[in-house]
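Just so it is clear, none of the values below were taken in a lab; they were calculated from the coordinates. This one's a predicted model, so the numbers in the text were calculated from it and none came from an experiment. A quick note on method: Cβ atoms are made from the backbone with ideal geometry, for glycine too, and the neighbour counts reach across all protein chains shown.
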Amino acid sequence: MPPAAPSAHGARSIEVPVLSQAIRDLGVPLSLAVEASGFVFISGIPPIDCRTGEIVSGDIGVQCEAALTALKACLTAAGLTSRSVVSVRVYAANAGHYATINEVYARHFGAPLPARTFVPVGSWPGDFDIEIECVAVKS
């Protein structure tokens with residue numbers, strides 16, 4: 001699917017190979033990545049395999065790694081890297097996973113670290129335990 005034309009306020013959707021279609025196939029009405037006013041907003045992304053578009057199962061470490069790898073694919077599609085990220089929100093189905101998530105997260109982000117919020121959630125309509133979103137700055 002070609003990128004959508006900019007909206008009236010200048011926002012444009014960014015197509016992410018494999019992942020954008022995987023999200024559409026799940027029936028979720030959203031853009032995976034949107035550029036507007038010099039920022040790139042990446043929707044909460046679950047642990048999706050960047051090659052197959054399938055949800056990755058496994059322990060929270062495996063799921064977190066897959067979600068962060070998918071997040072990086074979104075950044076790459078926008079012409080950015082993890083160093084462009086200024087804010088991250090991590091949603092997890094179990095607050096007890098906090099330490100493991102931090103271990104995996106630390107391998108993906110270096111100094112200066114982006115601002116981050118960790119949000120424990122009750123449940124969601126998916127067979128996974130984590131979802132990660134971010135905001136990045138396009139220089």
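This ranking places HIS9, HIS97, HIS108 by how few other beta-carbon atoms lie within 10 Å of each, fewest first, which gives HIS9, HIS108, HIS97.
For the chain, the equivalent ellipsoid derived from the alpha-carbon gyration tensor has semi-axes of 23, 18, 13 Å in decreasing order. Computed over the chain, relative contact order equals 28 percent, with contacts defined as Cα pairs under 8 Å that lie 6+ residues apart. Taking 7 Å steps out from each Cα toward its Cβ at SER87 and ALA11 produces label points 1.3 nm apart.
Could you work out how far helix 60-77 tilts from the main Cα principal axis of the chain, as a 0 to 90 degree angle to the nearest 10? Result, in degrees: 10. Put in line by how crowded their Cβ is, counting other Cβ atoms within 10 Å and starting with the fewest, GLU103, GLU65, GLU131 read GLU103, GLU65, GLU131.
Can you say what percent of the DSSP beta bridges in the chain, counting only those with both residues inside, are antiparallel? Round to 5. The antiparallel proportion sits near 75 percent. For the range 66-117, the Kirkwood estimate of hydrodynamic radius, built from reciprocal distances between every pair of different alpha carbons, is 11.8 Å. If you plug the beta carbon distance of VAL121 and TYR98 into 1/(1 + (r/R0)^6) with R0 = 22 Å, you get a FRET efficiency near 0.95. In the chain, helices alone account for a calculated mean residue ellipticity at 222 nm of -7500 deg cm²/dmol, with every DSSP H run of four or more residues adding -39,500 (n - 2.57).
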